[in-house]
Amino acid sequence: MKVAVAGCCHGALDKMYETLELLQRRHNVRPDLLLCCGDFQAVRNEADLRCMAVPAKYRHMQTFYRYYSGEKKAPVLTVFIGGNHEASNHLQELPYGGWVAPNIYYLGYAGVVRFRGVRIGGISGIFKSHDYRKGHFECPPYNQQTIRSAYHVRNIEVFKLKQLKRPIDIFMSHDWPRSIYHYGNKKQLLKMKSFFRQEVESNTLGSPAASELLQHLKPTYWFSAHLHVKFAAFMQHETNSKEELPKATKFLALDKCLPHRDFLQIIDVEHDPNAGDSLEYDPEWIAVLKATNSLVNVTQSSWNMPEKNGLHAKWDYSVTEEAIKEVLEELNHDLKIPCNFTLTAACYDPSKPQKNMEPVHTINPQTTEFCAQFGLTDINDRIQQVKEEGSGRGECEEEEEEEMDSTGSAEEPSEYNTDNSGLSSFNPDEIMLDEEGGDEDLSTCSVDPSPDHPPEFSTSFSDIRIMPDSMAVSSDDAMDSNNEELEKSGGSKQVEERSSTERSLKRIGGDENGNSGVKKIKRRNQAIYAAEDEDK
């Protein structure tokens with residue numbers, strides 16, 4: 001089947017789907033599925049805009065609300081993950097995934113689904129070391145800290161994904177796996193984006209959590225976005241035994257969704273011709289969710305996932321074939337994800353703007369139904385309970401810490417290096433939010449008054465490239481760029497944070513807020529956020 005993959009959408013759904021229709025008219029190519037690698041911006045109304053971590057003057061409604069209201073319908077099944085510029089309050093309603101509009105499915109904080117027999121996984125958000133070991137405690141109305149931490153990757157999601165044993169065909173992350181640039185045409189990448197050099201040479205560009213998942217899952221394809229530059233790589237994985245067959249991952253990072261930008265990729269993926277056309281649950285993933293349900297943490301308490309270090313009675317939460325069979329029996333072997341999309345917020349009306357609309361913490365019926373069906377904890381319901389049992393002030397960030405499960409403890413040393421570094425060099429195409437919470441543009445946001453804060457690609461037309469069967473590239477730094485040309489594109493986005501020093505593998509102390517004392521440079525992405533919405 002043909003799968004279209006898009007980079008950062010930034011709410012421009014009309015443009016994205018129009019490009020797909022153009023592809024069909026010009027080349028008679030109709031994708032069966034569209035994947036989006038984050039910054040989707042499923043903004044329904046003015047309250048959602050207030051929950052998006054960008055300066056106020058760059059908040060524009062774009063066109064998602066038309067699909068949410070039913071005015072339009074996505075012409076192709078669309079599956080996406082979250083990035084770092086999202087309506088976090090909307091996506092938070094669906095921690096385990098769900099429909100944000102008819103025919104548009106969000107994978108949740110982390111998730112795995114199947115389509116025509118193809119296993120598709122993903123993890124939402126970006127990596128930040130100071131939030132990595134916390135629970136999902138944030139809820140609207142956000143303050144200047146939680147409006148950002150809400151989209152930061154957590155260790156529990158990585159832990160869940162590492163319990164998977166069956167092969168993954170496609171995996172998506174918003175930020176790049178750290179070190180992936182060593183497996184592609186690094187010379188050409190640095191020629192296009194010279195300000196990546198310091199981080200590439202120090203091997204601090206990208207997400208260490210995503211890198212760990214890449215090495216564990218070894219998917220056939222891995223797609224990312226975030227840095228607003230197209231880059232391909234080919235990673236040959238090491239085998240753990242003589243009996244294990246060699247595996248390799250074809251990596252592709254996509255550019256942002258703008259006219260005349262190479263933001264879409266079409267690939268041919270082997271599928272099960274006998275499978276139906278519906279999006280399906282993945283039984284192994286459901287079984288993993290059930291097995292790890294006791295690990296759910298909705299407080300700011302930092303803790304490590306269970307490890308084989310003598311401190312835990314149980315550390316292996318991978319599931320047996322019997323557990324997977326039980327899931328299939330619970331579903332009567334009908335894995336189809338129900339089309340149970342429900343409106344949970346008022347939709348934007350251009351004729352009746354409501355600039356003072358306030359965000360609220362919502363329990364989504366899809367999540368309620370999902371949790372009831374599989375016996376899982378509704379994370380948002382748990383957050384509400386903690387708020388009520390806590391300080392009584394109604395502020396998510398002042399919750400009383402729950403007693404930790406015996407499987408984890410904040411006092412345990414972690415063997416996982418959670419250090420994260422972003423680009424420290426100047427990148428004029430990036431929106432950079434002051435991590436100290438001092439961005440005056442964010443002060444207009446409705447928040448709590450808390451002080452926290454590759455190979456050569458053949459051209460089909462300007463915005464679409466058809467991927468060849470082989471994406472093999474050399475990791476040799478001296479590779480001739482003429483033999484393997486990356487598509488040039490303007491603009492880039494970078495990881496948000498850089499640590500001044502590498503942390504020890506077992507260090508758990510230090511500033512949990514990640515304050516480094518380094519002055520952040522505020523940057524603005526004029527191309528995406530400065531333009532007025534064409535449909536207003």
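Taking every pair of alpha-carbon atoms in the range 2-390, what share in percent sits in each 10 Å bin, from 0 to the bin with the longest distance?
Going from the shortest bin to the longest, the percentages are 5, 23, 35, 27, 10, 1, 0.
What is the extension gain from Ala56 to Thr377, computed as 0.36 nm multiplied by their sequence separation minus the C-alpha to C-alpha distance, in nm to one decimal? Provide the component values of the computation, followed by the final result.
Values: separation 321, 0.36 × 321 = 115.56 nm, distance 3.44 nm.
Result: 112.1 nm gained on full extension.
By average Cβ neighbour count within 10 Å, what is the ranking of 327-334, 85-92 from highest down?
85-92, 327-334
Step through the residues of the range 82-90 one at a time and calculate ³J(HN,Hα) from phi using the Karplus curve (6.51 cos²θ - 1.76 cosθ + 1.60, θ = phi - 60°), rounding each to whole Hz and writing x for Gly and Pro.
Each residue of the range 82-90 in turn: x, x, 10, 10, 9, 7, 4, 5, 5 Hz.
Restricting to the range 2-390, compute how many DSSP beta bridges are antiparallel as a %, nearest 5. Intermediate values should be presented prior to the final figure.
On the way: 25 of 48 bridges.
Roughly 50 percent of the DSSP beta bridges within the range 2-390 come out antiparallel.
Considering only protein heavy atoms and a 1.4 Å probe, what is the carbon-and-sulfur percentage of the accessible area of the range 124-209?
Details: 950 of 1970 Å².
About 48 percent, which is the carbon plus sulfur part of the accessible surface.
Can you give me the % of accessible surface on the range 49-115 that is carbon or sulfur? Probe 1.4 Å, all protein chains present, nothing else counted. Display every interim value, and only then the final one.
Working: 550 of 1270 Å².
Carbon and sulfur: 44 percent of the exposed surface of the range 49-115.
Give me a comma-separated list of calculated 3J(HN,Hα) values for the range 12-20, in order, Karplus coefficients 6.51, -1.76, 1.60 applied at θ = phi - 60°, integers in Hz, x for any Gly or Pro.
Along the range 12-20, the couplings run 8, 5, 4, 5, 5, 6, 5, 5, 5 Hz.
Rounded to the nearest whole Å², what accessible area per residue is found for the range 2-390 with the 1.4 Å probe? Mind showing how you got there, number by number?
Numbers: 13170 Å² over 389 residues.
Heavy-atom SASA per residue in the range 2-390 reads 34 Å².
Counting only protein heavy atoms, what percent of the accessible surface of the range 228-327 is carbon or sulfur at a 1.4 Å probe?
On the way: 2200 of 4490 Å².
That share works out to 49 percent.
Say R0 is 56 Å: what FRET efficiency, to the nearest 0.05, do Lys247 and Glu388 get from their beta-carbon distance? Write down the numbers at each step before the final one.
Numbers: r = 48 Å, r/R0 = 0.86.
The computed FRET efficiency comes out at 0.70.
So, counting K/R as plus one and D/E as minus one, what does the shell of residues with Cβ under 12 Å around Thr344 add up to? Walk me through the numbers before you get to the answer.
Numbers: positive: Arg44; negative: Asp48, Glu93.
Within the 12 Å Cβ shell, the charges total -1.
Please report how far the C-alpha centroid of the range 11-80 lies from that of the range 317-353, rounded to the nearest whole angstrom.
So the separation of the two Cα centres works out to 21 Å.
Net charge within 10 Å of Lys355 by Cβ-Cβ distance, Lys/Arg positive one each and Asp/Glu negative one each, not counting Lys355 itself?
Working: positive: Arg50; negative: Glu46.
Local charge sum for Lys355: 0.
Could you tell me which of the pairs Lys134/Lys314; Lys160/Lys230; Lys15/Lys191 are separated by over 24 angstrom between their Cα atoms in the structure shown? Write down the numbers at each step before the final one.
On the way: Lys134/Lys314 20 Å; Lys160/Lys230 29 Å; Lys15/Lys191 29 Å.
Check vs 24 Å cut-off fails for Lys160/Lys230; Lys15/Lys191.
Measure off 7 Å from each Cα along the Cα-to-Cβ vector at Lys191 and Val360, then give the distance between these two points in nanometres to one decimal.
It is 5.6 nm.
With θ set to phi - 60°, apply the Karplus curve 6.51 cos²θ - 1.76 cosθ + 1.60 along the range 380-390 and write out the HN-Hα couplings as whole Hz, x wherever there is a Gly or Pro.
Taking θ as phi minus 60°, the curve returns 5, 5, 5, 4, 4, 5, 5, 4, 5, 8, x Hz for the range 380-390.
What does the highest-first list of 338-350, 2-14, 71-83 look like by mean Cβ count within 10 Å?
Values: 338-350: 14.2, 2-14: 24.9, 71-83: 20.8.
In descending order of packing, they fall as 2-14, 71-83, 338-350.
Quick one: how many Å² of Met61 are accessible to a 1.4 Å probe, rounded to 10?
Surface open to solvent at Met61 totals about 0 Å².
Once amide H atoms are built 1.01 Å from N in the peptide plane, which residues 5 or more positions from Gly122, or in another chain, come under 5 Å H to H?
When sequence neighbours closer than 5 places are left aside, the close amide H contacts are Gly111, Met172.
Just reorder Glu21, Glu243 by solvent-accessible area, largest first, 1.4 Å probe, all chains present. Before the final figure, lay out each step's value.
Numbers: Glu21 85, Glu243 150 Å².
Descending order: Glu243, Glu21.
The values are calculated or read from the model by the stated rules, or taken from the named source; none is laboratory data. For clarity, every value in this text was computed on a predicted model and none was experimentally measured. Positions of Cβ are generated from backbone atoms using ideal geometry, with glycine treated the same way; all protein chains shown enter the neighbour counts. To get the accessible areas, we keep the full protein, side chains included, count just its heavy atoms, and leave off ligands, DNA and RNA. Shrake-Rupley method; radii C 1.70, N 1.55, O 1.52, S 1.80 Å.
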